[in-house]
Amino acid sequence: MKKVFMIFCLLFVLNLCLFAGFGIGISGGWTSVAMKDVNENYFEKLVNGVESIYALLGGSATSSVNKISGGYSLGVDFLYSPFSFLSLGIRTGFISAGGSFKTTGSIFSASVITDGTLDTTLVPLAFGLLSEFAIPNTEIIFGTGVFAGLCFAGTQMKYNINFSTTNSYGTINASGTDLFIDIFGKILYKPLSFLSFGIQPGYRIANVKEMKVTESNVTNVNKGDIIKDSENNPIEFDYSGFSIQALVLFSF
């Protein structure tokens, strides 16, 4: 009986291995990003400070602010499927988001315009596990998975001050690294044996707790400095958020 059971298990594993293969998934779509700390310090406190300077010098100002709330994401998965229902893989990609502000006013009867932008990106490198099952007698596939690894963040902050005929500007580049977790599901339609496509909703955890300056032409901001708030605490760049993506999967 023991030998029969072992033979049965071996045949079962061999049968599953017949479905082994490779795959490449390409996805793209929209994602939200938290960025609470960045929005509070760069797009609220900074703008309020600029308006206060206008008022202190006897002027007045109005501001328009576009905080960072979301952006676009692109992803590539490299998959190995030892069984028909299970895949192992590597995920990388690109997430981009940004915001801006503009303060317009006058000081000493002269026009003053102060504007700034903050553009930020995230590149993950993660390893994951995926499972999926097909609805019998259909081309519909449901799946779920999780990836975990590291993420590499970069940001560029720019400002420009136009006072009458005088123009001044500054740029700060910074980068940081932290943990990355992506939990997702997917619904696919598979019209061909090597091709399937559908949607992939998910939630990402990626809070970069420190960003260090890599390049700066701003006075008193030097390479290696940590980006901090007015209370000398590191500003967290939180890329965590929900995403909804279109997915195309090629199987080999």
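The values are calculated or read from the model by the stated rules, or taken from the named source; none is laboratory data. These numbers come from a predicted model, not from an experiment. With ideal geometry, Cβ positions are generated from the backbone for all residues, glycine too; neighbour counts draw on all protein chains shown.
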Within the range 153-180, tally of residues that are aromatic (Phe, Trp, Tyr) and buried (at least 16 other Cβ atoms within 10 Å of the Cβ): 2
Selection within the range 181-199 - crowded, with 20+ Cβ neighbours inside 10 Å and over 15 Å from the mean Cα position of the chain (by Cα): Lys186, Leu188, Ser196
Pairs where the first residue, in the range 192-219, is more than 30 Å from Asn233 (Cα to Cα) and touching a residue at least 12 places away in the same chain (Cβ under 8 Å) and the second is among the charged types (D, E, K, R) and surrounded by fewer than 19 Cβ atoms within 10 Å (Cβ to Cβ), C-beta under 7 Å, 6+ apart: Ser196/Lys190
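For the range 17-31, state whether one or more residues are of a type outside the set (Phe, Trp, Tyr), at pLDDT below 90, part of a helix (DSSP H, G or I) and closer than 17 Å to Thr104 by Cα.
no
Tell me yes or no: at least one residue of the range 236-251 is in a strand (DSSP E or B), touching an Asp or Glu at 6+ places or on another chain (Cβ under 7 Å) and over 20 Å from Val33 (Cβ atoms). Step through it out loud before you land on a result.
Within the range 236-251, the first condition is being in a strand (DSSP E or B), and the residues that meet it are 237-238, 241-251.
When the remaining residues are screened for being touching an Asp or Glu at 6+ places or on another chain (Cβ under 7 Å), the result is 238.
Retained after the next criterion (residues that are over 20 Å from Val33 (Cβ atoms)): none.
Within the range 236-251, none of the residues are in a strand (DSSP E or B), touching an Asp or Glu at 6+ places or on another chain (Cβ under 7 Å) and over 20 Å from Val33 (Cβ atoms).
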Odd one out for Tyr54, checked against (1) aromatic (Phe, Trp, Tyr); (2) at pLDDT 85 or above; (3) more than 26 Å from Phe133 (Cα to Cα): (2)
Looking only at the range 91-125, and only at residues there that are farther than 13 Å from Phe43 by Cβ and among the aromatic types (Phe, Trp, Tyr), the one that is farthest from the chain's Cα centre (by Cα): Phe108
Members of the range 209-252 found to be surrounded by 15 or more Cβ atoms within 10 Å (Cβ to Cβ), over 23 Å from Ser168 (Cα atoms), among the small types (Gly, Ala, Ser) and at pLDDT 95 or above, listed by number: Ser240, Gly241, Ser243
Given (1) modelled with pLDDT under 95; (2) surrounded by 15 or more Cβ atoms within 10 Å (Cβ to Cβ); (3) touching a Ser or Thr at 6+ places or on another chain (Cβ under 7 Å), index of the condition Phe85 fails: (2)
The range 44-63 residues that are polar (S, T, N, Q), paired with ones that are part of a strand (DSSP E or B) and crowded, with 18+ Cβ neighbours inside 10 Å (beta carbon under 8 Å, 6 or more apart): Ser60/Gly105; Thr62/Thr103; Thr62/Gly105; Ser63/Phe101; Ser63/Thr103
Options Lys186, Lys223; residue that is out of contact with any His (no Cβ under 9 Å at 6 or more places or on another chain), outside any strand (DSSP E or B) and basic (Lys, Arg): Lys223
